[in-house]
Amino acid sequence: MQKRDIIEAISEETGIPKDRLPRRFEIIGKSIIMSLIDFPEYMKYSIAKSYVTKFKLWSFYELVEIKGQMRVPEAKLIYGINTDVTHIENGILFRLNPSKVMFSKGNKYERHRLLDEVKNDEIVVDMFAGIGYYSIPLSSRVKKIYACEINPDSYHFLIINKMINKSETLIPYFGDSSFFPLEGVADRVIMGHFDSLIYLNKGLSILKNTGIIHLHALVKRGDETINNYLVNLRSVRGVKSRIVKSYSPSTNHMVFDLHIEKE
Ligand SMILES: C[S@@+](CC[C@H](N)C(=O)[O-])C[C@H]1O[C@@H](n2cnc3c(N)ncnc32)[C@H](O)[C@@H]1O
């Protein structure tokens, strides 16, 4: 059955008109996660049950918010079982528990772009690796990739994902990437956190004399402040920016590619 037909069937079963059902949801492995902010408590169970049965899943999580520096989801199990799932994307296995760690399906294009861009002799440092959304796919394309992660739950899945994908070139680093011990080693540094700007000096110190930094940030639409700041930094030779995804009605998730040549 097509997704459209499934939504139709859920609408019929729950009695909620199609255009009132949540539009944004993510199916991650055998689980589904979405906000139910527009629905009263008493309706949530039947909505959740209908999504789980019609999409043939195991669990429904209500996403309340994503909290703090570690981007931990507050996700409540509404129907089904709370368990680890395996999400498969282009042959890569991502094992995770949606109630413990986030999975950014919306960053798919960015992952593909990086895969096309890297060269097989590169050393890469992913300063905010999560469960390995960038590091695991990249590991088969580069010489070596260091994946830093501070959250024990995310680190746990990063290690599992390294094992199940046989990512031999991936070297995990558990802890704050501000204390990553190597300097001047990387051809490319990935800074996939909205607070990346605070860590830019550390990113620069990890990079070789020339290289690329991919710096992610949340940017108000039309606001050029971050771009202007980056363009004027001493070792930045060029900045290219692109929208990763729309984050809210007024904000975009952006990535800035900084071409670095240290003086
Ligand atoms: C927004 S997630 C992004 C994960 C992945 N890069 C992606 O795009 O899907 C950011 C990750 O960085 C981790 N993190 C936050 N601060 C960190 C730090 N100082 N050092 C290492 N990891 C950190 C969080 O625990 C979280 O897993």
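Throughout, read-outs are computed from the coordinates displayed, never taken from laboratory work. As the structure is a prediction and not an experimental result, all values here were calculated from the model. Glycine also receives a Cβ, built like all others from the backbone with ideal geometry; neighbour counts cover every protein chain displayed.
What do you reckon, is Tyr45 surrounded by 18 or more Cβ atoms within 10 Å (Cβ to Cβ), of a type outside the set (Lys, Arg) and either more than 14 Å from the ligand (Cβ to nearest atom) or part of a strand (DSSP E or B) (or both)? Explain how you work it out, then say what you get.
Numbers: surrounded by 18 or more Cβ atoms within 10 Å (Cβ to Cβ): no; of a type outside the set (Lys, Arg): yes; either more than 14 Å from the ligand (Cβ to nearest atom) or part of a strand (DSSP E or B) (or both): yes.
Answer is no for this residue.
When you look at Tyr247, is it free of Cβ contacts under 8 Å to residues at least 40 places away in the same chain, buried (at least 21 other Cβ atoms within 10 Å of the Cβ), in a strand (DSSP E or B) and of a type outside the set (Val, Ile, Thr), yes or no?
Answer is no for this residue.
For Ile37, indicate whether it is at negative phi, outside any helix (DSSP H, G or I) and surrounded by fewer than 15 Cβ atoms within 10 Å (Cβ to Cβ).
Values: at negative phi: yes; outside any helix (DSSP H, G or I): yes; surrounded by fewer than 15 Cβ atoms within 10 Å (Cβ to Cβ): yes.
When the stated conditions are applied, Ile37 passes them.
Any idea which residue in segment 125-173 is nearest to Arg188 (Cα to Cα), counting only those that are acidic (Asp, Glu) and surrounded by fewer than 24 Cβ atoms within 10 Å (Cβ to Cβ)? Even if it seems obvious, please write down each step before you answer.
Looking only at segment 125-173, we keep the residues that are acidic (Asp, Glu), and these are 126, 149, 153, 168.
Among the residues that remain, those that are also surrounded by fewer than 24 Cβ atoms within 10 Å (Cβ to Cβ) are: 153, 168.
Values: Asp153: 26, Glu168: 19 Å.
Checked segment 125-173; the qualifying residue nearest to Arg188 (Cα to Cα) is Glu168.
Please list, ordered by residue number, the helices (runs of 4 or more DSSP H) wholly in segment 74-183 having 2 or more residues that are among the charged types (D, E, K, R) and within 14 Å of the ligand (Cβ to nearest atom).
Qualifying helices (runs of 4 or more DSSP H): 108-117.
Any residue at all in segment 184-199 that's in a loop (DSSP other than H, G, I, E, B), without any contact (Cβ under 8 Å) to a residue 60 or more places away in the chain and surrounded by fewer than 14 Cβ atoms within 10 Å (Cβ to Cβ)?
yes
Say we look at segment 60-88 and pick out the residues that are within 30 Å of Arg111 (Cα to Cα) and in contact with a helix residue (DSSP H, G or I) (Cβ under 7 Å, 6 or more places away or on another chain); which of these is surrounded by the most Cβ atoms within 10 Å (Cβ to Cβ)?
Per the criteria, the residue is Phe60.
Could you list, ordered by first residue, the pairs with Cβ atoms under 8 Å in which the first is in segment 126-150 and within 14 Å of Leu114 (Cα to Cα) and the second is near the ligand (Cβ under 6 Å from one of its atoms) and among the aromatic types (Phe, Trp, Tyr), at least 6 apart or interchain?
Asp126/Tyr134
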